[in-house]
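Written out below as structure tokens is the structure these notes cover.
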Amino acid sequence: RKDSGMLSYKEHLPVSQVMVGDLDRPGSEAKVSVGPVRCQGDRNYWNAASFVTSSSYLHFSTFQGETSADISFYFKTSASDGVFLENLGNTDFIKLELKSATEVSFSFDVGNGPVEIVVRSPNPLNDDQWHRVNAERNVKQASLQVDQLPLEVRKAPTEGHTRLELYSQLYVGAAGGQRGFLGCIRSLRMNGVTLDLEERAKVTPGVKPGCSGHCTSYGIYCANGGKCVEKYNGYSCDCSKTAYDGPFCIKDVGAFFEEGMWLRYNFHSPGTSVKDLVSGTLLSSADPEITAPDLSLNKEELSFSFSTTKSPCILLYVSSYTPDFMAVLVNPTGNLQIRYNLGGTKEPYNIDIDHRNMANGQPHTVNVTRNGRDIILQLDHYPPTSYSLPATSDIQFNSPKALFLGKVIEIGKIDQDIYKYNTPGFTGCLSRVQFNQVAPLKAALRPTNTSSHVHIQGELVESNCGASPLTIPPMSAATDPWHLDSASADFPYNGQAIGDGVNRNSAIIGGVIAVVIFTILCTLVFLIRYMFRHKGTYHTNEAKGAESAESADAAIMNNDPNFTETIDESKKEWLI
């Protein structure tokens, strides 16, 4: 999308290696200057297609690789498995697939039985980054290489079949009801010929030209550090590395703490390797062989929200195997305090927030970021504030041990103020607590592979009462037009000022009464019309004199002359 940014994959560089020799002579030297790198593009190199459904595939003519096959391509995916390509014969076949998140398989059969070569990667290959696959097969051997991992080689049998006889079309993606590849494939070369994936994708349902996916368009909806994962019919958000839950990683995971309750999260536990600890929860270390107590942090990122009405109390405390600690607490006056003790100073370094009472029962959000000596604190929706550790202070948090919520139950010497504020403990709500990549509340409330690190004293009840509902920054008194103590702000009312809200309340009451009266009148009109809708005059054809006639027939004959004549005529008798 743009021709600027950091080049993180060195295979994309136009110059990958420079060899300089003959430097042993006195006075000899070499100088290499690299000019500007221009992004011009290569249609073959970047010829790509995106597979977006479970049945997505492209088909090409049969692969002609009877005695020699050389296949290379790049792929990028967040799915854990899928078939890259396959071509079949009567019994012969050739296939490349992603078997798992860390395994790529190259399998074939030339008539001597199936052969499979697997390359296993120490790191996940479904990290949505480009990875290169190169598979070769000839009459002597077959090989498979992924990225810069060691080449896997399998020798061919000295006797038997050597020709790969195929007859079906070459399928790139799903074939024969198998689970197809989901993601992007580019620069697919087979025996030196680049297949035009983009052109074929333009006329194939379920495949899009170029490299795009659901995460390209909708990945921004995975909030709070959630990772977008491609799916066959859409995408999902992986919230495992966050303190949030829900489809888009926006649901706060919090709990209510009763008095005396506490939670401890151990950064390492029996059965957990130090390598997993360093890569999975804290920060990377250059030496994977160091022991857990020797770990140290040069930076921390802490975020959480809370609500309470009692002070003093300990909100969060990070202990260590050394005197180093970090604490967030509410002092007796209800003000927030951040306390660091990293060594090098006689007293801990304190950051006091004196301008607000935090024990007011309202949700408050705290974000603390330390990088070396620099500390940035953001409280609620106020602008971030920068602080700096003293020049004599150490900048490494040595040997972090455990994280406590609600109360500190630790063996050894504890800071005097921490000890004083530790009784009776925190009462209130804590939500979305995250320290670097550790989410202790989520680990306690959602069964994960880190739940074994958690120890709880008391009953932990899930609640979102600590989640902050505020989304609009508070308005200052100087700019708030409804702030009565503001001398510089004018009311947005041009007439007489409203005194004590009396006139305003009267107007509201009068309006309500008018609406009620109008409703009653409308109801009465409707009822009256309904009651009298069957009443009124009507006309009948009753014969006159019907009251004095002996019968109804007699009344008709008396009043209808035509009828009378007809009757008289009928009374005549004729003699024959």
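The values are calculated or read from the model by the stated rules, or taken from the named source; none is laboratory data. Predicted model only: the values in this text are computed from it and were never measured. So basically every Cβ, Gly included, is an ideal-geometry build from the backbone, and we count neighbours across all protein chains shown. In case anyone asks, the SASA skips ligands and DNA or RNA and just uses the protein heavy atoms, side chains included. Shrake-Rupley method; radii C 1.70, N 1.55, O 1.52, S 1.80 Å.
Among residues other than Phe93 with Cβ under 15 Å from its Cβ, the summed charge is -4 (Lys and Arg +1, Asp and Glu -1).
Accessible-area rank, largest first, for Ser452, Ser236: Ser452, Ser236, with all protein chains present and a 1.4 angstrom probe. Between the C-alpha center of region 155-198 and that of region 421-447 there is a gap of 52 Å. One Cα centroid belongs to region 98-154, the other to region 301-359; the line between them spans 53 Å. In the assembled protein chains, Asp22 presents an accessible area of approximately 100 Å² (probe radius 1.4 Å).
Let me check I've understood the local charge: for Ala201, count other residues with C-beta under 13 angstrom from its C-beta, Lys and Arg +1, Asp and Glu -1. What total comes out?
Values: positive: Arg186, Arg200, Lys202, Lys208; negative: Asp196, Glu198, Glu199.
That sum, taken over residues with Cβ under 13 Å, equals +1.
In this label model, Ser452 and Leu521 are separated by 7.9 nm, measuring between points 7 Å along each Cα→Cβ vector.
Of Thr385, Thr194, which has the most accessible area and how do the rest follow, probe 1.4 Å? Before the final figure, lay out the partial values.
Values: Thr385 60, Thr194 35 Å².
I get Thr385, Thr194, largest accessible area first.
Note that region 338-428 presents 49 Å² accessible area per residue, ligands and nucleic acids not counted, probe 1.4 Å. At 7 Å along the Cα-to-beta-carbon direction for both Ser68 and Ile513, put a label point, then send me their distance in nm to one decimal. The two pseudo-label positions are separated by 10.3 nm.
Across all directions, the average flat footprint of the convex hull enclosing the Cα atoms of region 44-209 is 8.7 nm². For the pair Arg163 and Lys31, label points projected 7 Å from Cα toward Cβ lie 6.1 nm apart.
Can you pull the percent of region 110-216's accessible area that's carbon plus sulfur, 1.4 Å probe, other chains left in place? Mind dumping the intermediate values first?
Numbers: 2670 of 5740 Å².
Result for region 110-216: 46 percent of the exposed heavy-atom area is carbon or sulfur.
Within the assembled protein chains, the solvent-accessible surface assigned to Leu151 is about 100 Å², based on a 1.4 Å probe.
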